[in-house]
Amino acid sequence: MAQKSVLFNIFNDLTNAVKTIVDAKYIFLKDRPNTEGEDKPMSKFVVIDLPVSMEDYVIGTKKTLLNTYGVLYLFVQARKNTTLDVNAMGDFVEKAIALFPFVGDYCTAANPVVRLSGSDGHGFQVATITFDLQTKWKAFENNN
């Protein structure tokens, strides 16, 4: 079996955690889906994002202990007047915060910080959860 990339395994761990609060078909990596002109078939969805920079605490290129930050963008369909549906967003944020600290097969996520970001201009309200992300010690040595 081909070896999976570090990035694949981190996104896979995060996706598996988020699947407990929203259906997998409503989880997107890096970018939000285009909902322009559509019937908006989803009332909520999540975008998982990682910055481009990951640091290894160990000198060299061994991928021994990688550290970075992650972001969950929580999208909830706005009310008809485009304002925040407080109950729907509140429930979604509380479920997402309850995931932390998260321990996956390859990484851990902790220290979530929530920020309500407002309208995305496409009929959804957005909450941003930033968090610390660290891979497990030598998690990628025998990676399959």
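Please treat every number below as a calculation from the coordinates, not as lab data. This is a predicted model, so every value here is computed, not measured. Cβ atoms come from the backbone with ideal geometry, glycine included; neighbour counts cover every protein chain shown.
Fully extending the segment from Thr130 to Asn81 would add 14.8 nm, taking 0.36 nm per residue of separation and subtracting the current Cα-Cα distance. The residues packed around Phe100, meaning those with a beta-carbon under 14 Å from its beta-carbon, carry a net charge of -2 if Lys and Arg are +1 and Asp and Glu are -1. Count charges around Arg32 for me, please; just the other residues with Cβ under 10 Å from its Cβ, Lys/Arg as +1, Asp/Glu as -1. That works out to -2.
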